[in-house]
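Enquirer: Here's a structure for you.
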Amino acid sequence: MKRIQKEVDEMISQYKIGYFKPLEILARLVEEVGETARELNHLFGPKKKKDSEETQELGDEMADIIYTLACLANSLNIDLDKHFDRVMVKYRERDKDRWEKK
């Protein structure tokens, strides 16, 4: 994630405005998650797209979430690699005997 955070920071740093405020970024993140949910619902749920609606690339929608999350982390000086590693330790410990292994 360091590469992603660095690339996002290099892009944002070229503009005077810089990062938006954290709550503004969160609003954008929620919007991006909603767009992903809508696309998933069209693909796998009961709500099919109208003929006039364009199909969005699901991977692009997910990447929008990652980009926006990197903006939020960068704006708050949070190292996502460090925190992701900690979360994975937590989940590995918690879930090690939760499901049957292959």
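Enquirer: What percentage of the solvent-accessible surface of the chain, computed with a 1.4 Å probe over protein heavy atoms, is contributed by carbon and sulfur atoms?
Expert: Details: 4860 of 8410 Å².
With neighbouring chains kept in place, the figure for the chain is 58 percent.
Enquirer: Treat every Asp and Glu Cβ in the chain as -1 and every Lys and Arg Cβ as +1, leave all other atoms uncharged, and give the resulting dipole magnitude about the Cα centre to the nearest 20 debye. Can you show the working numbers first?
Expert: Values: 20 positive and 22 negative charges, 112 e Å.
Computed about the Cα centre, the dipole is about 540 debye.
Enquirer: Going highest first, how would you order 84-93, 5-14 by mean Cβ packing within 10 Å?
Expert: Values: 84-93: 10.3, 5-14: 13.3.
With the highest mean Cβ count within 10 Å placed first, the list reads 5-14, 84-93.
Enquirer: Follow-up. Quick check for the chain: number of Lys pairs with alpha-carbon distance under 25 Å, counting only pairs 8 or more apart or on different chains?
Expert: Close lysine pairs found across the chain: 12.
Enquirer: Post the alpha-carbon centroid distance, segment 7-44 to segment 63-79, in whole angstrom.
Expert: Using only Cα atoms to place each centre, the spacing works out to 8 Å.
Enquirer: Skip the ligands, DNA and RNA, and give the accessible area per residue of the chain with a 1.4 Å probe, whole Å².
Expert: Numbers: 8410 Å² over 102 residues.
I get 82 Å² per residue for this part.
Enquirer: Okay, moving on. Taking Cα extents along the principal axes in Å as the quantity of interest, determine which of (i) 46, 42, 22; (ii) 46, 24, 23; (iii) 32, 30, 28 was computed from the displayed structure.
Expert: Correct label is (i).
Enquirer: Moving on to the next point. Which trypsin sites (Lys or Arg not before Pro) in segment 34-66 sit in a loop by DSSP (not H, G, I, E or B) and have at most 16 other Cβ atoms within 10 Å of their own Cβ?
Expert: Filter output for segment 34-66: K47, K48, K49, K50.
Enquirer: At q = 0.27, 0.28 Å⁻¹, what is the log10 ratio I(q)/I(0) for segment 60-102, with the Debye formula run over Cα points and no solvent?
Expert: -0.89, -0.91
Enquirer: Follow-up question, since we're still on this one. Expressed as a rounded percentage, what relative contact order does the chain have, with Cα pairs under 8 Å and six or more residues apart? Provide the component values of the computation, followed by the final result.
Expert: Working: 55 pairs, mean separation 40.6, N = 102.
Computed value for the chain: 40 percent relative contact order.
Enquirer: Report ³J(HN,Hα) in whole Hz for each residue of segment 77-91, in order, from the Karplus equation J = 6.51 cos²θ - 1.76 cosθ + 1.60 where θ = phi - 60°; Gly and Pro get x.
Expert: Per residue, the Karplus-derived 3J(HN,Hα) values read 6, 9, 8, 5, 4, 4, 6, 5, 4, 5, 5, 5, 4, 4, 5 Hz.
Enquirer: If we count every other residue with Cβ under 12 angstrom of A37's Cβ, Lys/Arg +1 and Asp/Glu -1, where does the sum land?
Expert: Numbers: positive: R38, K47; negative: E31, E32, E35, E39, E61.
Surrounding charge for A37 is -3.
Enquirer: Under a Cβ-Cβ cut-off of 13 Å, what is the net charge of the residues other than R3 that fall near it, where Lys and Arg count +1 and Asp and Glu count -1? Mind showing how you got there, number by number?
Expert: Values: positive: K2, K6; negative: E7, D9, E10, D79, D81.
Net local charge, R3 excluded: -3.
The values are calculated or read from the model by the stated rules, or taken from the named source; none is laboratory data. Quick caveat, the model's predicted, so the values are computed rather than measured. Here Cβ is always computed from backbone atoms with ideal geometry, including for glycine, and neighbour counts include all displayed protein chains. These area figures cover heavy atoms from the full protein model, side chains too; ligands, DNA and RNA do not enter into them. Shrake-Rupley method; radii C 1.70, N 1.55, O 1.52, S 1.80 Å.
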